[in-house]
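Q: Once you've had a glance at the structure underneath, I'll fire off some questions.
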Amino acid sequence: MGLSAYLTVGALLFLIGLVMVAARRNLIYVLMGLELILNAANLNLVAFNRFRPGGMEGHLDGQIGAIFVIILAAAEAAIALAIVLNVHSLFETIRPDDIDAMKD
Amino acid sequence: MAETVSFFFFAAITIGCALLALLHRNVVNSAFSLLGTLLGLAGFYVMLGADFLAMTQVLIYAGGILVLIIFGLMLTQPDTNERRMGRILAAVAVVGTGALAFWEKIGVATWNAVEVAELGEPGGTVREIGLEFLRRDSWLLPFEFASIVLLAGLVGSVYIARRRFREEEL
């Protein structure tokens, strides 16, 4: 399978993640959509690294970039869930549409 | 041939589970079908010669982030009644239009580039990635910054999520 097959899968994943973020059912759902978007970007990075002209031996920059994306996604998920728990204890809801005040 | 079969197998798992996560009414089921997407992506990474990344994907995403998400769902008791189908359809329409344009660009622009690369069989990448991370003129500084980011994220999330004692509760 060629590069554009992987890019198509990445584009579809990105699309689904974007719709999950845009649908805004609740904050954790938005977070899951964000993870899908980051994963789509990772798939693109790894695919470009694989189909690099000249081969991937000794040139793993795409995979290393993907590892950094995973690291940042882990930190982001931890902090975002802490914020979601705080929002839940403050507003007693995690619907983004119902959270409309900066403080109570 | 085997590569084509496994590509479509993993693509079906990945996209199907993602669609299930998008469309399912129950958010907990969405979280669990996200697991299928993440595992399918790990299969893609193996196919693309990124064995270390596939392992990392399973360990961190499937083992860590998904558990965090499910914990968050259990601690916040999300309401499951669905009222916003119209907004979802609007999002599908908007994003789908953009995706058609995007897909056309992907299909046209990269079919040529694929033939350029002469692909050999990928070897193991663990040793190479380890060396890249620890060489001073390579990725050593971003690697150390990543550890600082993780430490800051850990401390920050514990600080944010701690239980607050108000004056009247004491």
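Q: Can you pull out every residue in the stretch A:47-69 that is in a loop (DSSP other than H, G, I, E, B) and open to solvent by less than 40 Å² (accessible area, probe 1.4 Å)?
A: Within the stretch A:47-69, A:F51, A:G55, A:M56, A:L60 meet the criteria.
Q: Pull up the stretch B:74-95, narrow it to residues that are at the interface with chain A (Cβ under 7 Å from one of its Cβ atoms) and open to solvent by 30 Å² or more (accessible area, probe 1.4 Å), then point me to the one that is modelled with the highest pLDDT.
A: B:L75
Q: Separate question: Look at A:I28 and say whether it is part of a helix (DSSP H, G or I) and either crowded, with 23+ Cβ neighbours inside 10 Å or touching a Ser or Thr at 6+ places or on another chain (Cβ under 7 Å) (or both).
A: Yes.
Q: Here are some residues: B:F8, B:F44, B:F71, B:F102. Which one is out of contact with any Ser or Thr (no Cβ under 8 Å at 6 or more places or on another chain), assigned to a helix (DSSP H, G or I) and modelled with pLDDT of 90 or more?
A: Residue meeting the stated conditions: B:F8.
Q: Tell me, please, whether a residue that is more than 7 Å from chain B (Cβ to nearest Cβ), touching a residue at least 60 places away in the same chain (Cβ under 8 Å), in contact with a helix residue (DSSP H, G or I) (Cβ under 9 Å, 6 or more places away or on another chain) and of a type in the set (A, V, I, L, M) can be found in the stretch A:53-69.
A: Checked against the condition, which is being more than 7 Å from chain B (Cβ to nearest Cβ), touching a residue at least 60 places away in the same chain (Cβ under 8 Å), in contact with a helix residue (DSSP H, G or I) (Cβ under 9 Å, 6 or more places away or on another chain) and of a type in the set (A, V, I, L, M), the stretch A:53-69 yields no hits at all.
Q: Continuing with this model, one more query. Under the condition of being under 18 Å from B:T125 (Cα atoms) and more than 9 Å from chain A (Cβ to nearest Cβ), which residue from the stretch B:27-65 is most open to solvent (accessible area, probe 1.4 Å)?
A: Among them, the one singled out is B:L59.
Q: Could you give me the residue pairs with C-beta distances under 8 Å whose first residue belongs to the stretch A:11-23 and is farther than 14 Å from B:L20 by Cβ and more than 7 Å from chain B (Cβ to nearest Cβ), whose second residue is open to solvent by 20 Å² or more (accessible area, probe 1.4 Å) and at pLDDT 85 or above wherever it lies, and which are 6+ apart or on separate chains?
A: That search, which allows pairs on different chains as well, returns A:F14/A:I37; A:F14/A:A41; A:V21/A:V30; A:V21/A:L34; A:V21/A:I37.
Q: To continue, here is another question. I'd like the full set of residues that are within 7 Å of chain A (Cβ to nearest Cβ) and modelled with pLDDT of 85 or more, limited to the stretch B:124-152.
A: B:E128, B:I129, B:E132, B:W139, B:P142, B:A146, B:V149, B:L150
Q: Among the residues in the stretch A:32-44, are any among the charged types (D, E, K, R), more than 7 Å from chain B (Cβ to nearest Cβ) and under 25 Å from B:Q77 (Cβ atoms)?
A: no
Q: Quick one: count up the residues across the stretch A:70-96 that are open to solvent by less than 40 Å² (accessible area, probe 1.4 Å), more than 7 Å from every other protein chain (Cβ to nearest Cβ) and aliphatic (A, V, I, L, M).
A: Selection size over the stretch A:70-96: 2.
Q: Are any residues in the stretch A:88-104 touching a Leu at 6+ places or on another chain (Cβ under 7 Å) and of a type outside the set (D, E), and if so, which ones?
A: So in the stretch A:88-104, the residues touching a Leu at 6+ places or on another chain (Cβ under 7 Å) come out as A:94, A:96, A:104.
Across the stretch A:88-104, the qualifying residues are A:I94, A:P96.
Q: Name the one entry in A:A41, A:A78 that is touching a residue at least 12 places away in the same chain (Cβ under 8 Å) and not in a loop (DSSP other than H, G, I, E, B).
A: Working: A:A78 fails: touching a residue at least 12 places away in the same chain (Cβ under 8 Å).
Residue meeting the stated conditions: A:A41.
The values are calculated or read from the model by the stated rules, or taken from the named source; none is laboratory data. Here the structure is a predicted model, which means the values were calculated and not measured. We place every Cβ from the backbone using ideal geometry, glycine too, and count neighbours over all the protein chains shown. Remember, those area values only see protein heavy atoms, side chains included, never the ligands or the DNA or RNA. Shrake-Rupley method; radii C 1.70, N 1.55, O 1.52, S 1.80 Å.
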